[in-house]
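Here's the structure we're looking at; comments come further down.
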Amino acid sequence: MNLIIEKLKKEDLKEAINIYDNNYNLKTNYKKLLTIYEEIYNNPAYHNIVAKVNGEIVGLATIIINYDIVEELKPFLTIWNFGVKKEYRRQKIGTEMFEYIYNFAKNNNCDFISLIAEPNNKVAQSFYENLGYIKMIGYVKLINKKNW
Ligand SMILES: CC(C)(COP(=O)(O)OP(=O)(O)OC[C@H]1O[C@@H](n2cnc3c(N)ncnc32)[C@H](O)[C@@H]1OP(=O)(O)O)[C@@H](O)C(=O)NCCC(=O)NCCS
């Protein structure tokens, strides 16, 4: 399999966002995204990555470097919007994306990586635990979002 993991380019935006929309049965405000994409793209703390198989986008993740002000001031990385296209699951693409993210975090001197999984998303929990992620307890307060 010819798998490439790279920073999301503007021309790949629609195809990449479709993965998230299809996984969660949602509709991203694409018009709005286009108006702010350059700003996000040029912010060194924000990285959207995609996995491509033979040019087709099959995975998406948003990774953010959070700067810290305590201890040795080492940054930490958070992961959002992680998903693999349905037809390409269980082929270690998610695992390869996590390998990329781990190296990215390490190269940016991050102290740890953090993410959340929904309590009923047992597949994601198996996936993260298989990768050695430790289950903690997280809390979320919804403001405008209706459900998670
Ligand atoms: C969770 C997800 C990202 C996994 O991606 P993937 O590319 O299929 O995962 P991998 O092939 O790298 O799987 C690695 C390991 O994770 C575990 N795993 C993955 N999918 C699993 C499943 N459906 N059931 C049980 N364990 C699973 C297994 O241990 C697997 O290793 P194995 O195939 O050798 O048994 C994918 O299922 C997905 O996109 N789901 C929908 C979106 C989502 O839930 N995202 C996470 C939000 S918190």
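The values are calculated or read from the model by the stated rules, or taken from the named source; none is laboratory data. If you're wondering where the values come from, they're calculated on a predicted model, not measured in any experiment. Ideal geometry is used to build each Cβ from the backbone, glycine not excepted, and the neighbour counts take in all protein chains shown.
Number of residues in region 15-40 that are within 16 Å of the ligand (Cβ to nearest atom) and not in a helix (DSSP H, G or I): the value is 3. Could you go through region 76-83 and let me know if any residue there is over 12 Å from the mean Cα position of the chain (by Cα), closer than 26 Å to V140 by Cβ and assigned to a strand (DSSP E or B). Yes, the conditions are met somewhere in region 76-83. Please pick out the residue among K141, K145 that is exposed (fewer than 11 other Cβ atoms within 10 Å of the Cβ) and at pLDDT below 95. None of the others qualify; the one that does is K145.
All of (1) touching a helix residue (DSSP H, G or I) at 6+ places or on another chain (Cβ under 7 Å); (2) part of a loop (DSSP other than H, G, I, E, B) hold for L142 with one exception: (1). Within region 20-48, residues that are among the small types (G, A, S) reach partners that are within 16 Å of the ligand (Cβ to nearest atom) with beta carbons closer than 7 Å, at six or more positions or on different chains, in the pairs A45/I64. I116 meets the conditions (1) within 11 Å of the ligand (Cβ to nearest atom); (2) farther than 23 Å from I4 by Cβ; (3) assigned to a loop (DSSP other than H, G, I, E, B); (4) over 16 Å from the mean Cα position of the chain (by Cα) in every case but one. The failed one is (4). In region 119-136, how many residues are more than 24 Å from I65 (Cβ to Cβ) and either in a loop (DSSP other than H, G, I, E, B) or away from the ligand (no atom under 12 Å from the Cβ) (or both)? The qualifying residues number 3. No other residue among I69, I116, I101 is aliphatic (A, V, I, L, M) and surrounded by 18 or more Cβ atoms within 10 Å (Cβ to Cβ) apart from I101.
Is there a residue being touching a Pro at 6+ places or on another chain (Cβ under 7 Å), at pLDDT 95 or above, closer than 21 Å to C110 by Cβ and surrounded by fewer than 15 Cβ atoms within 10 Å (Cβ to Cβ) anywhere in region 43-66?
Within region 43-66 (the criterion being touching a Pro at 6+ places or on another chain (Cβ under 7 Å), at pLDDT 95 or above, closer than 21 Å to C110 by Cβ and surrounded by fewer than 15 Cβ atoms within 10 Å (Cβ to Cβ)), the answer is yes, since at least one residue qualifies.
When restricted to residues that are more than 14 Å from H47 (Cα to Cα), part of a helix (DSSP H, G or I) and within 10 Å of the ligand (Cβ to nearest atom), region 86-112 contains 7. For beta carbons closer than 7 Å, sequence separation of 6+ or different chains, a first residue in region 75-104 that is touching a residue at least 60 places away in the same chain (Cβ under 8 Å) and aromatic (F, W, Y) and a second that is more than 8 Å from the ligand (Cβ to nearest atom) and assigned to a strand (DSSP E or B), the qualifying pairs are Y100/I5; Y100/I49.
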